[in-house]
Amino acid sequence: MRKKIALTLLLVGVLPAVLSAHQFYISITSIQHLPEAQKLRVRVKLFVNDLEESIYQEKGIRIGLWKNNPIEDAQSYVEQYITSRLSIAINDAAVPLNFLNQKVEPAEVLEDNVILCELEANDVSEIATIKVRNSILTETFDSQANIINIRANDTRKTINLDKKLPEDEVDFR
């Protein structure tokens, strides 16, 4: 009888946590060309706990976003991480990305909280090709998929990047 009670308590306490953790590793990056402003607007959305784990493995520090208790310079760690793994070239010329801000979007399940990072690139007038390199989280999670949605020249295109294919180019001519 004690074993049944212990097993029941274990299942009630552990099983919901296991079932609620996300079972996939994905980020979504949106790149939008704003020709009138000559800018690229870039938004990166990914799971907070995955980002925390990657930063911890690289730097050995917990930045506290996952538990909603960020350390003082958490944004600088996120900015450094994202900008070191995301790069864009327009017409074969690298464009510098400026990190604007980050926002954690809470979910019902803590493991499903996402972070939205906003970046921009200036002086982008015409686009013939866009080359994107996105290796976000691929050093930590082998099955990480980075989906890139691009809007430019009144056209939408999508590329899927991962550990084996961290970079791809899209032609808008």
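Throughout, read-outs are computed from the coordinates displayed, never taken from laboratory work. Because the structure is predicted, anything quoted here is derived from the model rather than measured. Positions of Cβ are backbone-derived with ideal geometry, glycine not excepted, and every protein chain shown enters the neighbour counts.
Hey, how much of the P(r) for the chain falls beyond 25 Å, as a percent of Cα pairs?
Beyond 25 Å sits 40 percent of the P(r) for the chain.
Could you give the length gained by full extension between Gln23 and Asp142, i.e. 0.36 nm per residue of separation minus their alpha carbon distance, to one decimal place?
41.6 nm
Just want the answer: with Cβ charges of +1 for Lys and Arg and -1 for Asp and Glu, which residue in Ile55, Val78, Ala93 is farthest toward the dipole's positive end in the chain?
Highest projection toward the positive end goes to Ile55.
DSSP loop chymotrypsin sites (Phe, Trp or Tyr not before Pro) in the range 21-79 with at most 10 other Cβ atoms within 10 Å of their Cβ, which ones?
Those that pass, being in a loop and sparsely packed, are Phe24.
Summing Lys, Arg as +1 and Asp, Glu as -1, what charge do residues with Cβ under 13 Å from the Cβ of Asn91 carry, Asn91 excluded?
-3
How high is the relative contact order of the chain, given as a whole-number percent (alpha carbon pairs under 8 Å, six or more residues apart)?
Once normalised by length, the contact order is 25 percent.
Classify the range 68-161 as rounded, prolate or oblate from the Cα gyration tensor: take a ≥ b ≥ c as the square roots of its eigenvalues, call it rounded if a/c is under 1.5, otherwise prolate when a/b beats b/c and oblate if not.
Prolate, since a/c reaches 1.5 and a/b exceeds b/c.
Taking all pairs of different Cα atoms in the range 80-121, averaging 1/r and flipping that mean, what Kirkwood radius in angstroms comes out?
12.0 Å
Among Ser76, Ser87, Ser30, which one shows the biggest mean-square fluctuation in a GNM of the chain, springs joining Cα atoms closer than 10 Å?
Result: Ser76 has the largest fluctuation of those listed.
Cut-off 10 angstrom, C-alpha nodes, Gaussian network model of the chain. Which of Leu137, Leu100, Leu119 fluctuates the most?
Among Leu137, Leu100, Leu119, the largest GNM mean-square fluctuation belongs to Leu100.
Taking the chain as a Gaussian network, Cα atoms linked when under 10 Å apart, which of Ile115, Ile71, Ile31 shows the biggest mean-square fluctuation?
Among Ile115, Ile71, Ile31, the largest mean-square fluctuation in the Gaussian network model of the chain belongs to Ile71.
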